[in-house]
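Taking it in order: structure first as structure tokens, then the write-up.
The values are calculated or read from the model by the stated rules, or taken from the named source; none is laboratory data. Please read all numbers here as calculations on a predicted model, not as lab measurements. FYI the Cβ positions are ideal-geometry reconstructions off the backbone, even for glycines, and counts take in every protein chain you see. What goes into the accessible areas is simple: the full protein's heavy atoms, side chains included, and nothing from ligands, DNA or RNA. Shrake-Rupley method; radii C 1.70, N 1.55, O 1.52, S 1.80 Å.
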Amino acid sequence: AEPKRENTMSRRMSATLLLTATLLLLQAVPLSAHGAMVLPPPWQDVDGTYSQERGDGWMGSGVTGYQNDGVLVPDGIPEIIGEEHEGRTWCNAANRDFPGQCSFYARHPWLSPGYAVPYSPCSIFEIEPHTDARTLPGNAQPTRWASGSTVEAEWAIYANHGGGYQYRICPLPASGSRMGLTEGCFQEHVLDFAVPTVDLQNVKSSRTAPRYTVNATRVVEGTWPPGREWATNPIPAFGPDGLSEFPFAPLVPGACGTKGETTTEECPDRVMNWRIIDKLHVPSTLSPGKYVLSMRWDAEGTPQIWAACSDIEITPSVGAPATPFPPAPAPPQAPPRSCGLCSCDACTPTQAYSLWYSDWCGDPYQNGCDGTRPECECSTSASATPPVVATPPPNPPSPSDVGAVVSGLRDCINVCFKEMA
């Protein structure tokens, strides 16, 4: 029996080493987040190489690792995109399981476009040390746009949370420091869409694949900044908890999808292969100089804002002398939220987040119930201390498929240990 015991111990040690090596490898790989600007190339795509890749090659730059997570529309701001609104892109009367289900997504950014405040107008890296994208060195060469011209911008999706988006531009501070770029500055310089349509393109096989031009759905009434258009995400996902009904029919056959590698009969191709291409108007009143473009995507299905930035150089055009944009008014300030503290073992996900965020409220996210995580709540059995004013976290790590992989490996190895015992 002794040789058998040694053999069993050896296999256990091998399995443990395999798990350890796998965990270290996963920690070294940037997590894939959920969508970003592709063109003009974002800062993460320094020389524009990845923007020219077909299929999901755009993700190679690492731009999908940047986000604004756990952001909500402030209390007191009315909901603009109701369940019957044509701009609803995730949960509506067409695909909900029961009346009231869509209320789970209340105060998610897209339901009141522009009112939720991101931590950074260019996003934060989703894992430690949560680097602000504004600290990146920027593009090797800026994209050149002439004032008064019509230009194109495009973005792509990895995990589809519905919602809508907007392109904004801000002068690069005279100091050259990108940390001087603020959300307020970008909101003062929203770029108008030049045409009432949007192009969808499946670049699985080629960057020059045919484009499909469809009517765009835009929202302007009640949005922030006032009077500035937001475009709805034109690629539908299945909506709440992976339901089998779309909130709206695909605008192009097959131009749909929920996440990553997932495909269905209706969505036979991966959503990452599709590009969403808009024509934008560059104001003739923009003075020549260095600027930064920010593409902001407000999600409906999650409390997140995805933003990416790119260096732009505005060149002169023939026409009237350039004058600056009029400043936008300051957004209305809602009263700060308060939340009671409770012990960690009594911190659980709310009903709205029980599927997507089941692991966010416990270890290692120990502060889930201190008011910084909208996805968590104290259970009724918990004793709460006096409420404290919640302050935004620097941008805590978000769950990803890596966690599921690691958990699966642990389960597999545990089973192996039992069989070898």
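Computed from point charges on the beta carbon alone (+1 for Lys and Arg, -1 for Asp and Glu), the dipole magnitude for the range 224-274 about its Cα centre is near 240 Debye.
Taking a Cβ cut-off of under 15 Å around residue 83, the surrounding Lys, Arg, Asp and Glu residues balance to a net charge of -3, with basic ones at +1 and acidic ones at -1. Loop-resident GluC sites (Glu not before Pro) (DSSP state other than H, G, I, E or B) in the range 76-115 with no more than 10 further Cβ atoms inside 10 Å of their Cβ: 84. Rounded to the nearest 20 debye, the dipole size of the range 91-194 about its Cα centre is 100 debye, using +1 on the Cβ of Lys and Arg and -1 on the Cβ of Asp and Glu.
The HN-Hα couplings worked out from phi for the range 194-199 by the Karplus form 6.51 cos²θ - 1.76 cosθ + 1.60 (θ = phi - 60°) are 7, 9, x, 10, 9, 9 Hz, whole numbers, x standing for Gly and Pro. Ranking 133, 195, 123 by Cα position along the charge dipole of the range 108-226, where only Lys, Arg, Asp and Glu carry charges on their C-beta atoms, puts 195 farthest toward the positive end. For the range 33-130, averaging the sequence separation of C-alpha pairs within contact (under 8 Å, six or more residues apart) and dividing by the residue count gives a relative contact order of 29 percent. Averaging Cα coordinates gives a centre for the range 231-269 and one for the range 57-122; these two points are 16 Å apart. Packing order of peptides 307-317, 217-227, highest average first: 307-317, 217-227 (average count of other Cβ atoms within 10 Å over each peptide's residues). A cut-off of 5 Å between modelled amide H atoms, ignoring neighbours fewer than 5 places along the same chain, links residue 280 with 151, 152, 153, 194.
Extending 7 Å from Cα along the Cβ direction at residue 53 and again at residue 262 yields two label points whose distance is 2.3 nm.
Whole-Hz Karplus values for the range 170-182 come out as 9, x, 5, x, 4, 6, x, 7, 6, 5, x, 6, 10 Hz, taken residue by residue from phi with 6.51 cos²θ - 1.76 cosθ + 1.60 and θ = phi - 60°; glycine and proline positions read x. Near residue 142, once Lys and Arg are set to +1 and Asp and Glu to -1 for all other residues with Cβ below 14 Å from its Cβ, the sum equals -1.
Sum up the charges of everything whose Cβ sits under 12 Å from the Cβ of residue 212, counting Lys and Arg as +1 and Asp and Glu as -1, but leave residue 212 out. Combined, the nearby Lys, Arg, Asp and Glu give +1.
Would you mind working out the accessible area per residue for the range 164-313, using a 1.4 Å probe, and quoting it in Å²?
Roughly 35 Å² per residue, with all protein chains present.
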